[in-house]
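Data block below; observations after.
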């Protein structure tokens, strides 16, 4: 497969499209946890129950079209290769838990990859809508409408007092987790994040790195989500998160302006050095790649670097993960081999930008 | 980069640990990271600490347990009839076995929910459409029944009779809807 073709099929719409405030907010995600009456939760259910749930969803939804999202395809975890599963995890379409610890897990994935419905993960179903930029309210509306559509086919476990009943008491009530992925290089560079994170935690929200809870944020990308699911309405949960995110956006923009003023040429130098590394490296670890990508993206946002699309950070952060590198290579890779592949993939991607730019110039 | 522990395998895990504001960086290979218990930081791994944390939280019920020991049998022996999960198992795993567990363990849940959801114990969000109509009627019914009691207590029998008729018609409607649902 040619690089360009691999690349274009690998990228989901939320990675390549732009949304509101997408200079800072990479994506908005809504997840609804639901269970079906008369089946035990995945913690205890029998393989027979698990199969029944999968076939229920297969019959009702597989190959059906849903609005602009396109057709749903059912992917059974037991039928996927480890690398294929890893790629889905890296694209945030399924959770690591579904990929690794759910033998009867499955996923209904929409054609445009904006909607994924995980089946038999921690709960019977988890509806997930992923939108580019800051679009929490829009994603909630989409998820809620999809929820109504599914409810037309199944009976949800619901209690008048406690709301939607979930496997884990941390999700009971709305079953809603709203999260936003943000690129905050200036707040990190000015060392404000250390102060901001505890403050956000006090407001009942959680801040974590892209793939890891408690892990350092790779590429200055942070995920912010709600903790509380009981006692607040879906709209309030989303509105509260939205308010905090807007404040963070304002602070990040202010910090960027301050950096430009105080550092000036030094900041520009940092950006272009990182660009130089990405364009010329032959071996690169994921951590260094993430840091350089973050610098280049900041350079694009500040206007230092032109003619490179902004999506490069979203795309390459995901495409340089081990699963993708191995899919591109067509087989398993040792960590050292991955670092070589990663460097090659990044260089190719930057060349693709130059080609696009030249074609644009000719026209 | 070589693993700082075994100095043989390449380091594939990179951690930053912050203890009391002091930052330490670790660069380890997968084996050494596992041995040193650093793997718990990886999302989605079996040893992910949320479960342990949650189990700790649930076990924190000790004083409540002792207080209620005389009034109720030991909560650990409480068992859900639908899925056979015991309260003890629930506190260990941090997850329910089925929807009915919520009812079986209802007596012990409010303090847990309060702690997890900053003081909240009742849902105030979306209601499933299918159940919505019925739920709404039931809430109305409960309110009317209370009103009826009040009216009788105040000996306002004429108005009480009106309310009683309203209750009857609501109950009829509920019965019909219930059958329609089946």
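The values are calculated or read from the model by the stated rules, or taken from the named source; none is laboratory data. It should be emphasised that the depicted structure is a prediction, and the values quoted were computed from it without experimental measurement. In this analysis, Cβ positions are derived from the backbone assuming ideal geometry, glycine residues included, and neighbour counts consider all displayed protein chains.
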Inset, instruction - Identify all residues within the stretch B:103-119 that are touching a helix residue (DSSP H, G or I) at 6+ places or on another chain (Cβ under 7 Å) and at the interface with chain A (Cβ under 7 Å from one of its Cβ atoms); write none if there are none. - result: B:112
Inset, instruction - Collect the residues in the stretch A:82-108 that are part of a loop (DSSP other than H, G, I, E, B) and either away from chain B (no Cβ under 13 Å) or surrounded by fewer than 16 Cβ atoms within 10 Å (Cβ to Cβ) (or both), keeping them in residue-number order. - result: A:91, A:93, A:103, A:104
Inset, instruction - Determine whether the stretch A:110-122 contains at least one residue that is in contact with a helix residue (DSSP H, G or I) (Cβ under 8 Å, 6 or more places away or on another chain), more than 14 Å from chain B (Cβ to nearest Cβ), under 26 Å from residue A:248 (Cα atoms) and not in a loop (DSSP other than H, G, I, E, B). - result: no
Inset, instruction - Looking only at the stretch B:88-108, decide whether some residue is farther than 26 Å from residue A:204 by Cα and at pLDDT below 90. - result: yes
Legend entry - Selected residue [away from every other protein chain (no Cβ under 14 Å), surrounded by 22 or more Cβ atoms within 10 Å (Cβ to Cβ) and closer than 29 Å to residue A:58 by Cα] from A:132, A:169: A:132
Legend entry - Selection count, the stretch A:340-362, where residues are within 14 Å of another protein chain (Cβ to nearest Cβ) and under 17 Å from residue A:318 (Cβ atoms): 1
Inset, instruction - Output the residues belonging to the stretch A:176-212 that are at pLDDT 95 or above and within 11 Å of chain B (Cβ to nearest Cβ). - result: A:176
Inset, instruction - With the condition kept exactly as written, say whether any residue in the stretch A:248-260 is within 25 Å of residue A:357 (Cα to Cα) and under 20 Å from the mean Cα position of the chain (by Cα). - result: no
Legend entry - Lone qualifier among A:33, A:10 - being surrounded by 20 or more Cβ atoms within 10 Å (Cβ to Cβ) and touching a residue at least 60 places away in the same chain (Cβ under 8 Å): A:33
Inset, instruction - Test each condition in (1) within 18 Å of the chain's Cα centre (by Cα); (2) over 30 Å from residue B:90 (Cα atoms) for residue A:148 and report the one that comes out false. - result: (1)
Inset, instruction - Pull up the stretch B:82-102, narrow it to residues that are more than 7 Å from every other protein chain (Cβ to nearest Cβ) and either assigned to a helix (DSSP H, G or I) or in contact with a helix residue (DSSP H, G or I) (Cβ under 6 Å, 6 or more places away or on another chain) (or both), then point me to the one that is surrounded by the fewest Cβ atoms within 10 Å (Cβ to Cβ). - result: B:92
Inset, instruction - Answer yes if at least one residue in the stretch A:221-240 is away from chain B (no Cβ under 14 Å) and assigned to a helix (DSSP H, G or I), and no otherwise. - result: no
Legend entry - Test: residue in the stretch A:199-207 that is under 18 Å from the mean Cα position of the chain (by Cα) and surrounded by fewer than 17 Cβ atoms within 10 Å (Cβ to Cβ): yes
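Check A:67, A:40 and return the single one that is free of Cβ contacts under 8 Å to residues at least 24 places away in the same chain, within 20 Å of residue A:139 (Cα to Cα) and over 21 Å from the mean Cα position of the chain (by Cα).
A:67
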Legend entry - Selected residue [more than 25 Å from residue A:181 (Cβ to Cβ) and either away from chain B (no Cβ under 13 Å) or free of Cβ contacts under 8 Å to residues at least 24 places away in the same chain (or both)] from A:73, A:79: A:79
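Residues are listed down the side, and each one gets a yes or a no for (1) at pLDDT 75 or above; (2) touching a strand residue (DSSP E or B) at 6+ places or on another chain (Cβ under 9 Å); (3) not in a helix (DSSP H, G or I):
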| residue | (1), (2), (3) |
| --- | --- |
| A:27 | yes, yes, yes |
| A:40 | yes, no, yes |
| A:43 | yes, no, yes |
| A:49 | yes, no, no |
| A:55 | yes, no, no |
Inset, instruction - State which residue is surrounded by the fewest Cβ atoms within 10 Å (Cβ to Cβ) when the search covers only the stretch A:251-302 and only residues that are within 14 Å of chain B (Cβ to nearest Cβ) and part of a helix (DSSP H, G or I). - result: A:287
